[in-house]
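Written below as structure tokens is the structure these notes are about.
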Amino acid sequence: MRLAEAWRVALDALRANRMRSLLTMLGVIIGVASVVVLVAIGTGTKQQVERQVEGLGSNLLLVVPGRIDVGTAPVVSPLDLKDVDAVSRVVGDPGRVAVTVASGATARAGARSDFTTVQGVLETTPQVFTRSLARGRYLTGADVDTSRRVAVLGASVARALFPDRDPLGQQVALAGVRFRVIGVFTPLGQSLGVDRDDEVHIPVTAAQRLWGTQRIDGIAVKAPDRERIDQLGERIVAELSRRHPDTEFSAVTQQQILGVLGDILGVLTGVLAAIAGISLLVGGVGVSNIMLVSVRERTREIGLRKAVGARPRDIGVQFLLEAVLLTSIGGLAGMALGVGTALLVEAVSPIPAAITWWSLALAFGVSAAVGIVFGVVPAQRAGRLDPVVALRAE
Amino acid sequence: MTGALPTGVPAIEAVDVSRTYELDGVSVPALRGVSLTIDPGEYVAVIGPSGSGKSTLMHLLGGLDRPSGGRLVIGGRDVTTLSAPELATLRNRTIGFVFQAFHLLPRTSAVDNVALPLVYRGIGARQRRDRAAAMLGRVGLGHRLDHRPNQLSGGEQQRVAIARALVTDPAVLLADEPTGNLDTGTGEAVLELLEQLNAESGVALVMVTHDQEVAARARRRIAVRDGLIRSDTFHDRPLSGGDGGPATLDPAPSAEPRSASGSGPGHPSGGSGGAAGATGRLPRTSGGPERAPGPRPDAETGSGGAG
């Protein structure tokens, strides 16, 4: 029998049992669609995080006390502004050094309030991290030197506190102390479910006074070039270790952060895909089951086909193609459903989703393979049927 | 037309063929040494009660099954030496089956049902349809090509099955109780069609039946009982009267006994079977209008189909 003929026969058989074929395919459709969607979400999240880490600014070096690793406890920082001066001397350019001391605080404006993250920073922050303002101006060196009570609001905070008026020049109470709004950041969006616009920047000196501390949580350095970034990190860590012999310090680059995050998200994507793969497997078992039923139901047809000259192979191929067709059509439909769902998720929800060609190829390949694997046993059974017995079947 | 067979070669030759089934470790003999020869163009009735082994014999003669012992040659090929695929190809080229239950594929048009054996011969779709349509025309269903089995009467369905059996130009047409599911009138029409095709095309017609009346139409009758051939005889056709059947055409030896062992060239020379085989599909010379070669008029077929 020609292969084209076998395809036609298989397609006819599926058409003859439309409802059953559809329900059998449904298992494959759901399996493939979930693989595509979950991999798309995993990939989208990873890409988003990568974009954001890269968006922090190029050649960034983050210096923090303790060790940056998965599962290590945070360390109370021994750093203060004198350490920042020391780091600036190592770097050779104070304009490339930024700091943060952060704490959660309630921001109030009139009757409205918003719990947000207040960051004490230097005027260098917009140069070190790539941040831009939608309105007003950023902190100046004078603001920092004089501990002036001025604040730059993240887009979310500005929206929450001043939904219907211009925040510039307005008063904001942070932990009960009044600050004047001098600027509003352009929105950054979300990262791993965290609203990155939910923050308020104030001069680091004002922040320290607000919380009654000399502490600095971390230092960020924008290295002059990529080549010497690791070397610079080592020198900064050495200087800080000299000043604080009891504390371990880490200097990490964006590449290292990306590596760690990428590993975590890669594992996450893999786990999601595997879970979705299980449903695909279950769909395959359903195909196998239905094919066995189909072989039993069509025993007389098989007997007749054999009587008029079908070889065992012809019958086997016919049923195998039927199974492959079931899973392939199901796979294509599942891909369409998965792509559609992923696009919908990306469009209407904050969850990012990115469709990759390899996830589509993988999902379709696996579904076709499932058809072959789970179709072989029923097909062999059909091919080996004794025509005499088959013709007598009820 | 029976191109698969060289001239002079028997369509089927069985020598001391036995078939034993294993049921739960117990050997149950269904055939216990049967010898017979079917010549091209013959018209043979195999008769016997249920359980006699006639179905087993039919399966063996059709290459659906293989003997447990003895020698069975179909279309010049020893089936015991053939693999399953080779046996399938042999069935496709040499044998046409007509079953009591028709065995048409549901949801498949008459013409596609008839074309099915050609599918396994690797013939292209257009040629398949042409040949199947022509064959349906010959059985009087030229106007029913695209009807599905459930849109056809029982007699029409069996005609489709007959067309399917003959579309490959087989050497032997094996009919297993072809009228068993039909009423008397329809059955009569189907039998007449089978006999007509047998006479026209030179295909050997082997009809398995338990119906004495049906068997009496054949000029050669093989009686099977308890897995053995009890008799193998030639007859005139007393029951078919003067309708111009093969028996009245040739001066066939009447009731000539034939040994159960059916050895070698024991068939009567000049017998109708042998003659038809040798002359192929020569149209009959003495037939009435009903005997004209080619498609039967639709009107007659319609009445036959409606039964």
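Residue by residue, here is whether (1) at pLDDT 85 or above; (2) part of a helix (DSSP H, G or I); (3) in contact with a helix residue (DSSP H, G or I) (Cβ under 6 Å, 6 or more places away or on another chain) holds:
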| site | (1), (2), (3) |
| --- | --- |
| A:332 | yes, yes, no |
| A:338 | yes, yes, yes |
| A:341 | yes, yes, yes |
| A:354 | yes, no, yes |
| A:359 | no, yes, yes |
| A:389 | yes, yes, no |
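Return the total of residues in the range B:54-88 being polar (S, T, N, Q), in contact (Cβ under 8 Å) with a residue 24 or more places away in the chain and over 23 Å from residue B:207 (Cβ atoms).
Let us first name the residues in the range B:54-88 that are polar (S, T, N, Q), namely B:55-56, B:68, B:80-81, B:83.
In the following step, the residues that additionally are in contact (Cβ under 8 Å) with a residue 24 or more places away in the chain were identified as B:55-56, B:68.
Now narrow it down to the ones that are over 23 Å from residue B:207 (Cβ atoms): B:68.
The total comes to 1.
Please go through the range B:110-124 and give me each residue that is away from chain A (no Cβ under 11 Å) and free of Cβ contacts under 8 Å to residues at least 40 places away in the same chain, ordered by number. Please lay out each step first, then the result.
Taking the range B:110-124 first, the residues away from chain A (no Cβ under 11 Å) are B:110-111.
The one that is away from chain A (no Cβ under 11 Å) and free of Cβ contacts under 8 Å to residues at least 40 places away in the same chain: B:111.
Report those strands (runs of 3 or more DSSP E) wholly inside the range B:26-100 carrying at least 1 residues which are aromatic (Phe, Trp, Tyr), farther than 13 Å from residue B:14 by Cβ and within 13 Å of chain A (Cβ to nearest Cβ).
Numbers: elements: B:26-38, B:43-47, B:69-74, B:95-98.
The qualifying strands (runs of 3 or more DSSP E) are B:95-98.
Just to confirm my filter: which strands (runs of 3 or more DSSP E) fall fully inside the range A:90-148 and include at least 1 residues that are surrounded by 19 or more Cβ atoms within 10 Å (Cβ to Cβ) and of a type in the set (D, E, K, R)? Walk me through how you get there before you give the answer.
On the way: elements: A:97-109, A:112-121, A:133-136.
Answer list for the range A:90-148: A:112-121.
Name, by its number, the condition in (1) part of a helix (DSSP H, G or I); (2) at pLDDT below 95; (3) within 10 Å of chain A (Cβ to nearest Cβ) that does not hold for residue B:168.
For residue B:168, the failing item is (1).
Search the range A:276-303 for residues being of a type in the set (Ser, Thr, Tyr) and over 16 Å from residue A:375 (Cβ atoms), and hand back the single one that is farthest from the other protein chains (Cβ to nearest Cβ). First the steps, then the outcome.
Taking the range A:276-303 as the starting set, the residues that turn out to be of a type in the set (Ser, Thr, Tyr) are A:279, A:288, A:294, A:299.
Now narrow it down to the ones that are over 16 Å from residue A:375 (Cβ atoms): A:279, A:299.
Values: A:279: 32, A:299: 11 Å.
In this case the residue turns out to be A:279.
Determine, yes or no, whether residue A:240 is under 29 Å from residue A:48 (Cβ atoms), more than 29 Å from the chain's Cα centre (by Cα) and not β-branched (Val, Ile, Thr).
Values: under 29 Å from residue A:48 (Cβ atoms): no; more than 29 Å from the chain's Cα centre (by Cα): yes; not β-branched (Val, Ile, Thr): yes.
Against the criterion (under 29 Å from residue A:48 (Cβ atoms), more than 29 Å from the chain's Cα centre (by Cα) and not β-branched (Val, Ile, Thr)), residue A:240 does not qualify.
Can you name every residue in the range A:236-268 that is farther than 30 Å from residue A:45 by Cα and among the small types (Gly, Ala, Ser)? Talk me through it step by step, then tell me what you get.
Quick first cut of the range A:236-268, residues farther than 30 Å from residue A:45 by Cα only: A:236-248.
Selection gives A:238, A:241.
Here's the yes/no breakdown for (1) under 16 Å from residue A:14 (Cα atoms); (2) of a type in the set (Lys, Arg); (3) more than 14 Å from chain B (Cβ to nearest Cβ):
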site	(1), (2), (3)
A:314	no, no, no
A:320	yes, no, yes
A:331	yes, no, yes
A:336	no, no, yes
A:342	no, no, yes
A:360	no, no, yes
A:367	no, no, yes
A:380	no, no, no
A:387	no, no, no
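Please specify each residue of the range A:149-182 satisfying the condition of being buried (at least 19 other Cβ atoms within 10 Å of the Cβ), among the β-branched types (Val, Ile, Thr) and within 17 Å of residue A:102 (Cβ to Cβ).
The answer is A:152, A:157, A:172.
With (1) closer than 22 Å to residue B:103 by Cβ; (2) surrounded by fewer than 17 Cβ atoms within 10 Å (Cβ to Cβ); (3) not polar (S, T, N, Q) as the list, and residue A:350 as the residue in question, which single condition is left unmet?
Condition (1) is where residue A:350 drops out.
This table checks each residue for (1) among the β-branched types (Val, Ile, Thr); (2) surrounded by 22 or more Cβ atoms within 10 Å (Cβ to Cβ); (3) assigned by TED's automatic domain parsing to the domain that holds residue A:10.
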| residue | (1), (2), (3) |
| --- | --- |
| A:279 | no, no, yes |
| A:304 | no, yes, yes |
| A:308 | yes, yes, yes |
| A:320 | no, yes, yes |
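Return only the number of the condition from (1) away from chain A (no Cβ under 14 Å); (2) buried (at least 23 other Cβ atoms within 10 Å of the Cβ) that residue B:143 does not satisfy.
(2)
Need the failing condition index for residue B:181 against (1) surrounded by 24 or more Cβ atoms within 10 Å (Cβ to Cβ); (2) away from chain A (no Cβ under 14 Å); (3) in contact with a Gly (Cβ under 7 Å, 6 or more places away or on another chain); (4) not in a helix (DSSP H, G or I), just the number.
If we test residue B:181 against (1) surrounded by 24 or more Cβ atoms within 10 Å (Cβ to Cβ); (2) away from chain A (no Cβ under 14 Å); (3) in contact with a Gly (Cβ under 7 Å, 6 or more places away or on another chain); (4) not in a helix (DSSP H, G or I), just (1) comes out false.
Residue B:104: within 19 Å of the chain's Cα centre (by Cα) and either surrounded by fewer than 23 Cβ atoms within 10 Å (Cβ to Cβ) or in a loop (DSSP other than H, G, I, E, B) (or both), yes or no? Explain how you work it out, then say what you get.
Values: within 19 Å of the chain's Cα centre (by Cα): yes; either surrounded by fewer than 23 Cβ atoms within 10 Å (Cβ to Cβ) or in a loop (DSSP other than H, G, I, E, B) (or both): yes.
Answer is yes for this residue.
Take the conditions facing chain A (nearest Cβ under 8 Å), closer than 24 Å to residue A:5 by Cα and surrounded by fewer than 19 Cβ atoms within 10 Å (Cβ to Cβ) and apply them to residue B:129. Does it pass? Talk me through it step by step, then tell me what you get.
On the way: facing chain A (nearest Cβ under 8 Å): no; closer than 24 Å to residue A:5 by Cα: yes; surrounded by fewer than 19 Cβ atoms within 10 Å (Cβ to Cβ): yes.
In short, no.
What number goes with the only condition from (1) on the phi > 0 side of the Ramachandran plot; (2) in contact (Cβ under 8 Å) with a residue 24 or more places away in the chain that residue A:251 does not pass?
(1)
Regarding residue A:20, is this residue at pLDDT 90 or above, over 27 Å from the mean Cα position of the chain (by Cα), of a type in the set (Lys, Arg) and surrounded by fewer than 20 Cβ atoms within 10 Å (Cβ to Cβ)? Steps first, answer last, please.
On the way: at pLDDT 90 or above: no; over 27 Å from the mean Cα position of the chain (by Cα): yes; of a type in the set (Lys, Arg): yes; surrounded by fewer than 20 Cβ atoms within 10 Å (Cβ to Cβ): yes.
So residue A:20 fails the test.
I'd like to check something: does the range A:245-261 contain any residue that is small (Gly, Ala, Ser) and more than 34 Å from the chain's Cα centre (by Cα)? Reasoning before the result, please.
Taking the range A:245-261 and keeping what is small (Gly, Ala, Ser), we get A:250-251, A:259.
Now drop any that are not more than 34 Å from the chain's Cα centre (by Cα), which leaves none.
Checked against the condition, which is being small (Gly, Ala, Ser) and more than 34 Å from the chain's Cα centre (by Cα), the range A:245-261 yields no hits at all.
A quick yes/no check of all residues on (1) outside the structural domain of residue A:208 (by TED's automatic domain parsing); (2) of a type outside the set (S, T, N, Q); (3) in contact with a strand residue (DSSP E or B) (Cβ under 8 Å, 6 or more places away or on another chain); (4) farther than 24 Å from residue A:111 by Cα:
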{"residue": "A:145", "(1), (2), (3), (4)": "no, yes, no, yes"}
{"residue": "A:154", "(1), (2), (3), (4)": "no, yes, yes, no"}
{"residue": "A:165", "(1), (2), (3), (4)": "no, yes, no, no"}
{"residue": "A:182", "(1), (2), (3), (4)": "no, yes, yes, no"}
{"residue": "A:186", "(1), (2), (3), (4)": "no, no, yes, yes"}
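Is at least one residue of the range B:126-138 touching a residue at least 60 places away in the same chain (Cβ under 8 Å), under 18 Å from the mean Cα position of the chain (by Cα) and part of a loop (DSSP other than H, G, I, E, B)?
Taking the range B:126-138 first, the residues touching a residue at least 60 places away in the same chain (Cβ under 8 Å) are B:137-138.
Imposing the further condition that a residue be under 18 Å from the mean Cα position of the chain (by Cα) reduces the set to B:138.
Pick out the ones that are also part of a loop (DSSP other than H, G, I, E, B) and you get none.
No, every residue in the range B:126-138 fails to be touching a residue at least 60 places away in the same chain (Cβ under 8 Å), under 18 Å from the mean Cα position of the chain (by Cα) and part of a loop (DSSP other than H, G, I, E, B).
In this structure, is residue B:39 under 17 Å from residue B:19 (Cα atoms) and of a type outside the set (Lys, Arg)? Talk me through it step by step, then tell me what you get.
Numbers: under 17 Å from residue B:19 (Cα atoms): no; of a type outside the set (Lys, Arg): yes.
Answer is no for this residue.
The values are calculated or read from the model by the stated rules, or taken from the named source; none is laboratory data. It should be emphasised that the depicted structure is a prediction, and the values quoted were computed from it without experimental measurement. Cβ coordinates were reconstructed from backbone atoms using ideal geometry, including for glycine residues, and neighbour counts include every protein chain displayed.
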